[in-house]
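*Asks:* Quick one: the structure is below, questions incoming.
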Amino acid sequence: MQNFNHLITTRPHEVRQVLISDLHLSPEEPALVQAFLALLDDCLALPALKRLFILGDWFEVWLGDDVYLSLSEDECQTHWLTPLIVKLKKLRVAGCEILVMHGNRDFLLDQPFCNLFGGELIYEPYTLNVGQKNYRLEHGDALCTDDKKYQFFRKVMRNRLTQWYLLNKSLEKRLAIADNMRQKSQRNNANKATHIMDVNADAVSTVMADSDALLHGHTHRPDIHQTANDKMRYVLGDWRLLDTETRQPKVSAVIGAVIDDEQSNDSFSSNNTEFGLFEFRYSV
């Protein structure tokens with residue numbers, strides 16, 4: 001796996017699509033926010049980039065679009081999300097589609113927020129054609145079927161009635177509910193065996209029956225796995241802070257890129273199209 005301090009060093013004229021996951025952005029981690037802004041600068045510099053995928057857990061917690069949409073104009077000016085929206089909108093105006101998928105942390109994210117920058121909310125599984133192969137995209141938490149408690153929780157929280165109930169609570173109550181769930185999750189995960197929080201091999205085989213490759217995040221275990229019938233499973237990495245004791249800590253993230261050396265910017269299915277994982281690093 002190659003690593004770069006700037007994505008534009010990765011054959012810039014050939015990068016067609018970029019895929020990221022598990023950023024866990026929040027005002028409490030400004031370094032991650034700055035790293036994401038740096039990645040967007042790199043994306044703006046890629047002349048042939050046509051799509052940016054954000055495959056879940058974009059935010060550490062998302063309590064509803066109204067948390068931002070209800071802000072006054074003055075409040076928006078100083079809000080930490082505003083620079084992200086401005087830069088994403090520039091990327092969209094430049095001709096790059098921005099496709100956003102739910103994760104387990106931001107399942108209350110909705111289309112009205114994405115409309116602020118011209119993005120589109122997509123749902124799993126999403127099929128991406130890379131060359132002559134079909135890639136199945138999803139966040140990845142649904143594949144962790146050994147974690148029975150989490151799967152039950154996921155089913156409840158993804159229910160539209162549950163989401164309606166949450167979104168009709170005051171922001172203060174939503175904050176309290178989210179904090180309570182986070183504490184319970186931390187306690188539960190501390191007592192779980194490591195393999196339980198990873199994907200289940202049978203679940204992977206089942207969902208890949210009609211796909212040539214699988215791409216997901218969630219597990220924070222970036223890697224490339226070969227499955228049955230020579231199929232590939234690519235795991236995107238979480239965005240994490242390295243060297244925190246130094247004066248200039250680094251943010252590291254394993255991201256995906258679709259690369260094509262064809263002259264056409266719209267070429268996603270030529271024989272020269274390839275997919276790879278790359279480590280993106282940003283010095284704070």
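The values are calculated or read from the model by the stated rules, or taken from the named source; none is laboratory data. Being a predicted model, the structure only gives us computed values, none of them experimental. Keep in mind that these areas ignore ligands, DNA and RNA; they rest on the heavy atoms of the full protein, side chains included. Shrake-Rupley method; radii C 1.70, N 1.55, O 1.52, S 1.80 Å.
*Asks:* So for region 126-284, averaging the separation of alpha carbon pairs under 8 Å that are six or more residues apart and normalising by length, what relative contact order in percent results?
*Replies:* Relative CO of region 126-284 lands at 24 percent.
*Asks:* Which order do you get for HIS216, HIS79 if you rank them by accessible area with a 1.4 Å probe, largest at the top? Don't skip to the answer; put the middle values down first.
*Replies:* On the way: HIS216 0, HIS79 50 Å².
Accessible-area ranking of HIS216, HIS79, largest first: HIS79, HIS216.
*Asks:* What Rg and what Dmax come out for region 140-284 when only alpha-carbon atoms are used, in angstroms?
*Replies:* Taking only Cα atoms of region 140-284, I get Rg and Dmax of 19.3, 53 Å.
*Asks:* I'd like the antiparallel share, as a percent to the nearest 5, of DSSP beta bridges with both residues in the chain. Walk me through the numbers on the way to the answer.
*Replies:* Details: 26 of 49 bridges.
Just about 55 percent of them are antiparallel.
*Asks:* Counting pairs of alpha carbon atoms under 8 Å apart in space and at least six apart in sequence, what relative contact order in percent does region 111-182 give? Numbers along the way, then the final one.
*Replies:* Values: 30 pairs, mean separation 9.0, N = 72.
Relative contact order for region 111-182 comes out at 12 percent.
*Asks:* While we're on this one: Find how many whole Å separate the alpha carbon centroid of region 146-170 from the alpha carbon centroid of region 67-129.
*Replies:* 22 Å
*Asks:* Classify region 54-118: rounded, prolate or oblate, from the alpha-carbon gyration tensor (a ≥ b ≥ c, eigenvalue square roots; a/c under 1.5 rounded; otherwise prolate if a/b is larger than b/c)?
*Replies:* Note, shape of region 54-118 comes out oblate.
*Asks:* Here's something else I'd like to know. In percent, how large is the relative contact order of region 9-80, given Cα pairs closer than 8 Å and 6 or more residues apart?
*Replies:* 43 percent
*Asks:* Here are a few candidate values for Cα Rg over 2.2 N^0.38 Å: (1) 1.00; (2) 0.94; (3) 1.78. Which one was actually calculated from the structure I just gave you?
*Replies:* Computing Cα Rg over 2.2 N^0.38 Å and matching it to (1) 1.00; (2) 0.94; (3) 1.78 gives (1).
*Asks:* Please report, in whole Å³, the volume per residue of the convex hull around the C-alpha atoms of region 1-155.
*Replies:* Cα convex hull per residue, to the nearest whole number: 137 Å³.
*Asks:* Could you compute how much accessible surface HIS218 exposes when probed at 1.4 Å, giving the result in Å² to the nearest 10?
*Replies:* The accessible area of HIS218 comes to roughly 40 Å².
*Asks:* Lysine pairs in the chain with Cα distance under 26 Å, only those 8 or more apart or on different chains: how many are there?
*Replies:* 21
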